[in-house]
Amino acid sequence: MNSSHDNYKKKLKEAGYKLTPQRIAIINVISENKGKHLSTEEIYDIVKQRNPEMGLATVYRTLQLLDELEVVSSLNLEDGCVRYELYCHTGEHNHHHLICSNCGAVIEVEGDLLEELEKKIEMEYDFKIMDHKVKFYGLCRNCKNLV
Ligand SMILES: [Zn+2]
Ligand SMILES: [Zn+2]
Ligand SMILES: [Zn+2]
């Protein structure tokens, strides 16, 4: 167990949940596939190779719980697909996602880039911004050239 696992363990423990083998298996799959934004079905496919006894319903329920506890972060795509990645606990805001409307590619944006907008909002609305989920829709490098 590395230190990032200890963080997730702590999160679960604080909320009164145990770090069960199922939860560990799912956290491992998501952490091993960084940047891939796996869907519930994709996570299930990988998890069941190692834990054949685990059903899709368990994976589904576990992901919802981990999402609530901010162990994982969900990304809702307009095709009805929910994708997951590990929640970032570095104190930084969630990265932005670029979503290709043609091929469905999900690209991560490095850097927040919203500092100015956030400052403005906090002043104008007397609102403390803790995080954000920003999605940009468009065409990726490959698809742009096809249109
Ligand atoms: Zn931000
Ligand atoms: Zn594309
Ligand atoms: Zn991401």
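In the context of the full set of protein chains, the chain has a per residue accessible area of 67 Å² (1.4 Å probe). Taking label points 7 Å from Cα along the Cα-to-Cβ direction, LYS34 and ASN142 give a separation of 2.3 nm.
Among the protein heavy atoms of the chain, carbon and sulfur supply 51% of the accessible surface, probe 1.4 Å, non-protein parts ignored. Between the residues MET123, CYS100, PHE136, the greatest Cα displacement towards the positive end of the dipole of segment 96-143, with unit charges on the Cβ of Lys, Arg, Asp and Glu, is found for CYS100.
What size of dipole, in debye to the nearest 20, comes out for segment 93-147 about its Cα centre when the only charges are +1 on Lys and Arg C-beta atoms and -1 on Asp and Glu C-beta atoms? Before the final figure, lay out the partial values.
Details: 7 positive and 10 negative charges, 89 e Å.
Computed about the Cα centre, the dipole is about 420 debye.
Across segment 10-31, the residues whose backbone nitrogen lies under 15 Å from the label position 7 Å along the beta-carbon direction of ARG50 are 20-31. A helix-only calculation puts the chain at -13000 deg cm²/dmol for mean residue ellipticity at 222 nm, using -39500 (n - 2.57) for each DSSP H run of at least four residues, averaged over all residues. Taking the Cα centre of the chain as origin and assigning +1 to Lys and Arg Cβ atoms and -1 to Asp and Glu Cβ atoms, the resulting dipole is close to 580 debye. Fully extending the segment from HIS132 to LEU65 would add 22.1 nm, taking 0.36 nm per residue of separation and subtracting the current Cα-Cα distance. The peptide list 67-75, 51-59, put in order of mean Cβ contacts within 10 Å with the highest first, becomes 67-75, 51-59. Computed from phi, the 3J(HN,Hα) profile of segment 100-110 under the Karplus parametrisation 6.51, -1.76, 1.60 (θ = phi - 60°) reads 7, 6, 8, 9, x, 4, 10, 10, 8, 9, 7 Hz, with x in place of Gly and Pro. Within the same chain, aspartates and glutamates fewer than 8 places from LYS120 are excluded, and of the rest, those with a Cα less than 16 Å from its Cα are ASP112, ASP131.
Highest mean first, how do 22-35, 133-146 rank when packing is the count of other Cβ atoms within 10 Å averaged over residues?
Numbers: 22-35: 17.1, 133-146: 12.1.
Order by mean packing, descending: 22-35, 133-146.
The values are calculated or read from the model by the stated rules, or taken from the named source; none is laboratory data. Keep in mind that this is a model prediction, so the values were computed, not measured. FYI the Cβ positions are ideal-geometry reconstructions off the backbone, even for glycines, and counts take in every protein chain you see. The area values use the complete protein model at the heavy-atom level, side chains included, leaving out ligands, DNA and RNA. Shrake-Rupley method; radii C 1.70, N 1.55, O 1.52, S 1.80 Å.
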